[in-house]
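Reading through the structure tokens given below for one structure.
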Amino acid sequence: MNSVSEQSTTRKRKKGGETPQPALGKKYKKHTDFFTDVLIEEPPEACLPKRRKRKKKISDVLASSAPTPATPADLQKMVIQYFKNERSVIELEELKLPDSCFLQNNDLTHTLSSYLKQVCPKWVKLCKDHTKNKSVLILIICSSALRALEMIRLIASFKDNCKILKLFAKHIKIEEQIKWLSKGVVHIGVGTPGRIRNLIDLDELSLQSLKYVIFDWNWRDQKLRRLMDIPEVKKETLKMLETSIVPVIKSGSVKLGLF
């Protein structure tokens, strides 16, 4: 009987061909469980997912090095880097600002009030002489409406009797801001670059009386982003700088500060 069964097995193998072998590139482990051989397929080493390198976060950078205050060179470099593919060499040269137009840098020890008192020593006289509507003496550029509200609170000891206007879009219609600008004299405008740029483009905010532009550069939000770290804010700020701020600064009547 054994010889007959072996012959039939041999015939079946001849008819069906060779016993199928596992595919190349795949490894199999042989496990013996209760005297039964089980083949378990394992993925080849080449198919194993590679570990991605973790990108450094802003928090990692800040943890390894102390924050440094912004300098005029930081702004100049950012302007050239942003516009280099869209502007000619001559146009890029026109965007460069002389060092004399920059106010003293905030060394990260100032409050906003103490900084403004330092860079605007004749503020009381400027306020008394300012009588034009649709214009401001100081423009403070912030990254968000919430930050603008905080900045307004921070200048309580500096503003004296001057009038401050909120220049951001959150919960405030642009028509209301146009009405306030045309209705009376405003000394300080605090807001976001997008809304300020819109008002300038509509000729509802004049820069003729402007004396100081302050960028809230060094402050970081909950995600540790600064003013120029937020793409949409950076875009609006640099476009406003190119079309409106740089021309009046080059006229010699306006100073730029990085707070």
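Tabulated data
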{"item": "Rounded, prolate or oblate (a/c below 1.5 giving rounded, otherwise prolate when a/b exceeds b/c) for the range 125-259 by Cα gyration tensor", "result": "rounded"}
{"item": "Stokes-Einstein translational diffusion, the range 196-259 - Kirkwood Rh over all Cα pairs, 1.306 mPa s, 10 °C, in µm²/s", "result": "125"}
{"item": "Amide H within-cut-off set for LEU205, under 5 Å, with H built and near neighbours excluded", "result": "ILE200"}
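Taken together, the values in this text are just the output of simple stated rules run on the coordinates, not laboratory data. Remember, it's a predicted structure, so these values are computed and weren't measured experimentally.
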